[in-house]
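Participant: Handing you a structure now.
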Amino acid sequence: GKIGPTGIDHYAAATVKFENDVIAELICGMSSQVPSELTIYGTDGMLHVPDPWLLSAPTRYAENPLPLDTVFPSSSIFLRQYKPLKEEEIQIQVDRGLFVYEADSTAEYIENRQSPVMTWEDSMVNMKILDRWLEEVGVNYDVG
């Protein structure tokens, strides 16, 4: 990875090994031309999501809000099975911005103290992986 003059990571790459010998190759960066996409390769096929971070292009911001009747474009997930060869596109209908889905899920499950969409355990594992990755790259948050 590369750390900028202010101590922020400009880009980084990592290899992460999960249970059952699942390996992920990750790359991200603010100062590199990395496509915003997800591809998962498996023994029997692959899954491709052209834009996993923004299910819909329009997003509402406080400084420049979108009209409430904004039409959000659909998003697609592409599946390819190797044997027998079979391809499928799954269209995801989107009716609000990505962060609105997160806020709605939080509100829906607030009494249960946890959403089934993203468990506390999943959140903690993600944070630990990201913290370790930042540490390996050399990002140091001076908390004090």
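Participant: What shape does region 97-136 take by its C-alpha gyration tensor, where a ≥ b ≥ c are the square roots of the eigenvalues and a/c under 1.5 counts as rounded, a/b above b/c as prolate, and the rest as oblate?
Facilitator: Oblate.
Participant: Sort region 78-144 into rounded, prolate or oblate with this rule: let a ≥ b ≥ c be the square roots of the eigenvalues of the Cα gyration tensor; rounded if a/c is under 1.5, and if a/c is not under 1.5, prolate when a/b is larger than b/c, oblate otherwise.
Facilitator: Taking the square roots of the gyration eigenvalues as a ≥ b ≥ c, region 78-144 is oblate.
Participant: Also: Of the residues Gly29, Gly97, Gly42, which exhibits the maximal mean-square fluctuation in a Gaussian network model of the chain defined by a 10 Å Cα contact cut-off?
Facilitator: For the chain, modelled as a Gaussian network with Cα springs under 10 Å, the answer is Gly42.
Participant: Something else: Which label marks the calculated value of semi-axes √(5λ) of the Cα gyration tensor in Å, given the options (i) 27, 17, 13; (ii) 35, 17, 17; (iii) 27, 25, 19?
Facilitator: (iii)
Participant: Estimate the FRET efficiency between Leu47 and Leu68 by the formula 1/(1 + (r/R0)^6), using the beta-carbon distance for r and 30 Å for R0, to the nearest 0.05.
Facilitator: 0.35
Participant: Pulled fully out, how much extra length does the chain show between Ile90 and Thr39, if you take 0.36 nm times their separation in residues and subtract their Cα-Cα distance?
Facilitator: Length gained between Ile90 and Thr39: 16.9 nm.
Participant: Relative contact order for the chain: what is it in percent, counting Cα pairs under 8 Å that are at least 6 residues apart?
Facilitator: 18
Participant: Can you run phi through the Karplus equation (6.51, -1.76, 1.60; θ = phi - 60°) for region 115-127 and list ³J(HN,Hα) in whole Hz, with x for Gly and Pro?
Facilitator: 8, x, 5, 8, 6, 4, 4, 4, 4, 5, 4, 4, 4
Every number in this text was worked out from the coordinates using simple rules, so none of it is lab data. The structure presented is a predicted model; accordingly, all values stated were derived computationally and were not measured. Using ideal geometry, Cβ is built from the backbone for each residue, glycine included, and neighbour counts are taken over all protein chains shown.
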